[in-house]
Amino acid sequence: MSGLTVNLKTPITGEFTLNTGLYINNEFVASAEGKTLEVVNPTTEEVICSVHEATEKDVDAAVAAARKAFDGAWRTATPQERGICLLKLADLAEKNADLLAAVESLDNGKSISNARGDVGAVVACLRYYGGWADKIEGKTIDISPDMFHYTRSEPLGVCGQIIPWNFPLLMLAWKIGPALATGNTVVLKTAEQTPLSALAFAPLIKEAGFPPGVLNIITGFGKVAGAAISSHMGIDKVAFTGSTAVGRTIMKAAAASNLKKVTLELGGKSPNIVFNDADIDEAINWVNFGIYYNHGQCCCAGSRIYVQEGIYDKFIAAFKARAEENKVGDPFHEETFQGPQVSQLQFDRIMSYVKSGKDEGATVVTGGDRHGDKGYFIQPTIFADVRQDMKIMQEEIFGPVAAIAKFKDIEEVIALGNDSNYGLAAAVHTKDLNTAIRVSNALRAGTVWVNCYNALHHQLPFGGYKESGIGRELGEAALANYTQNKSVAIKLY
Ligand code: TXE
């Protein structure tokens, strides 16, 4: 493939031209080996276009560009200048919101209303970190009248960032925001399933005033470009969002190469707990949103639903009615809530979990099948009476499949909630403040929501306990992932 652009069309944008090359040094270039990868529309199962596929040589080129920028223009930029670039990037993303959202829906299959929400969150995240750029401070530490001690919060260097397909543009923003605000340079690899929104975003980087090489975006496969990033000797830090299995591989590669710093945001199997005294209509809305938002493709999806015995039957009947109202279909229809799953592979994985739920004897309350006969659509599915040892209660399904079980009391549900290798998120629905606080404190999860779900915000740290990850995204906490402390000790004469 020699071309570096393709003409595409969506119902929102009409025809537009998209760059398909690798974005290195503020320009689109062809992959060194001329390889490409096909991008499939999950709604139609048809190929949208091909984009350039980065291999090891391209990773080397991107790392060289990022290193040059780190040692040069980005190092000499003032913190305020870094912040201004990020703020401009946020403005440009906002200006191009329709295009970015439409490309996201086309490529990922998420409903256009969700895609617009994602772009809004991208803008907010970039602005937030733009504001942080000139507030990264050190300390003076008084030890002796004959010495002067201070610390500096310095960038790590060249950061490799590997992101998944469930929130392609939002994960990009979560990753680049804190990295660039703190003075690092970046080589970011998109997921092979969903490279297009990052390609639509990339030209904004130069327009925002970032010097060449500060932010490089490459498209490619995990086992090739992703592996080259995690084992690269010229990369100082790798940040990853994706499966726990690949997270382990990346950590091993980091250890075996140059001991680059590692942060991981991995899978989850988050408990969503509904007590007898909860406002049942509210709880059902949040439980529905917790599991079916983004088609269940959320690391923090509330996929284990524990309902107290006094309201169990009533809850299941009402939740069934609510889930059946979710509009499944064409992501470009304004009223659509749930589009297709991202790929054939994910569709097959989810359907095999649905089969296992049926085989292990859980009760199908609704759904349990594909939706329609074209595209990777799956019916919103509810399993009730799910035993704790069933696969669908233990493993991350990453699809629109809810597993529900009954519990008696607070001690039992805390034990059930914590009975998982994961610890990303959890939620509690109750009107009793004591119950809410006791359960929130006892659950081993990085985030707990009370009487709501998926209430993420760029100001709040987000990340996992246990096998759900290392480090925190968002908020002030994410800055620590991208800085290192230097102590300077000065002898006074
Ligand atoms: O993820 P992968 P997959 C979970 C979810 C899902 C499962 C599998 O349960 O069903 O993972 O999804 C890159 N070295 N999550 O297979 O493979 C890859 O190119 C370096 C949770 O799609 O982890 C992509 O950019 N990189 C999740 C990214 O890793 C590698 C989001 C994610 O892909 C690599 C997505 C390698 N050896 C899936 N292999 C969340 N936490 O939100 C792959 N990659």
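The values are calculated or read from the model by the stated rules, or taken from the named source; none is laboratory data. Keep in mind that what you see is a predicted model, and the values were worked out from it rather than measured. When we count neighbours, we look across all protein chains shown, and the Cβ atoms used for this are built from the backbone with ideal geometry, even at glycine.
Structure notes:
- Selection of the stretch 357-371 for residues being assigned to a loop (DSSP other than H, G, I, E, B) and either touching a helix residue (DSSP H, G or I) at 6+ places or on another chain (Cβ under 9 Å) or farther than 16 Å from E324 by Cβ (or both) yields E360, G361, A362, G367, G368, D369.
- For the stretch 200-222, the set of residues classified as assigned to a strand (DSSP E or B) and more than 16 Å from the ligand (Cβ to nearest atom) consists of L215 only.
- Consider the stretch 366-385 and keep the residues that are among the hydrophobic types (A, V, I, L, M, F, W, C) and farther than 17 Å from Q338 by Cβ. The one that is nearest to the chain's Cα centre (by Cα) is F383.
- Considering residues of the stretch 237-273 that are assigned to a strand (DSSP E or B) and of a type in the set (K, R) only, the residue nearest to G157 (Cα to Cα): K237
- Scanning the stretch 309-356 for residues that are in a helix (DSSP H, G or I), of a type outside the set (K, R) and within 16 Å of the ligand (Cβ to nearest atom) yields Q344, L345, Q346, F347, D348, I350, M351, S352, Y353, V354, S356.
- Count of residues meeting criterion [under 16 Å from L424 (Cα atoms) and either aromatic (F, W, Y) or modelled with pLDDT under 95 (or both)] in the stretch 441-493: 4
- In the stretch 357-370, the qualifying residues are those that are crowded, with 17+ Cβ neighbours inside 10 Å and not hydroxyl-bearing (S, T, Y), and the one that is farthest from the ligand (Cβ to nearest atom) is V365.
Listed here are the residues, each with its yes/no results for (1) surrounded by fewer than 19 Cβ atoms within 10 Å (Cβ to Cβ); (2) closer than 26 Å to D419 by Cβ; (3) within 17 Å of the chain's Cα centre (by Cα).
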residue	(1), (2), (3)
Y292	no, yes, yes
A301	no, yes, yes
Y306	no, yes, no
A317	yes, no, no
E335	yes, no, no
Q344	yes, no, no
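- When we screen L443, L474 for residues that are closer than 23 Å to E395 by Cβ and not aromatic (F, W, Y), the only hit is L443.
- Extreme residue, nearest to N418 (Cα to Cα), among residues of the stretch 371-400 that are surrounded by fewer than 20 Cβ atoms within 10 Å (Cβ to Cβ) and in contact (Cβ under 8 Å) with a residue 60 or more places away in the chain: Q394
- Pairs with Cβ under 7 Å, 6+ apart, first in the stretch 220-238 and in contact (Cβ under 8 Å) with a residue 40 or more places away in the chain, second within 11 Å of the ligand (Cβ to nearest atom) and among the basic types (K, R): G220/K189; A225/K189; G226/K189; I229/K189
- Y293 in contact with a strand residue (DSSP E or B) (Cβ under 6 Å, 6 or more places away or on another chain) and hydroxyl-bearing (S, T, Y): no
- Hey, E265 more than 9 Å from the ligand (Cβ to nearest atom), closer than 27 Å to I112 by Cβ and among the acidic types (D, E) or not: no
- Residue in the stretch 248-255 that is within 13 Å of the ligand (Cβ to nearest atom) and among the small types (G, A, S) present: yes
- Evaluating K252 against the criteria (1) surrounded by fewer than 22 Cβ atoms within 10 Å (Cβ to Cβ); (2) in contact with an Asp or Glu (Cβ under 9 Å, 6 or more places away or on another chain) leaves one unmet condition, (2).
- When the helices (runs of 4 or more DSSP H) confined to the stretch 386-447 are screened for residues that are under 27 Å from the mean Cα position of the chain (by Cα), away from the ligand (no atom under 16 Å from the Cβ) and closer than 30 Å to D359 by Cβ, those reaching at least 3 such residues are found at 410-418.
- When A239, A225 are checked against the criterion of being of a type in the set (A, V, I, L, M), touching an Asp or Glu at 6+ places or on another chain (Cβ under 9 Å) and within 10 Å of the ligand (Cβ to nearest atom), a single residue qualifies: A225.
- Test: residue in the stretch 76-86 that is among the small types (G, A, S) and surrounded by fewer than 20 Cβ atoms within 10 Å (Cβ to Cβ): no
- Residue list for the stretch 28-61, filter: among the hydrophobic types (A, V, I, L, M, F, W, C), closer than 16 Å to G222 by Cα and in contact with a Gly (Cβ under 9 Å, 6 or more places away or on another chain): L37, V51, A54, V59
- Of the residues in the stretch 283-294, none is small (G, A, S) and part of a loop (DSSP other than H, G, I, E, B).
- Neighbours by Cβ (under 7 Å, 6+ apart or cross-chain): first from the stretch 242-267, over 25 Å from T447 (Cβ atoms) and aliphatic (A, V, I, L, M); second away from the ligand (no atom under 12 Å from the Cβ) and assigned to a loop (DSSP other than H, G, I, E, B): A254/K260
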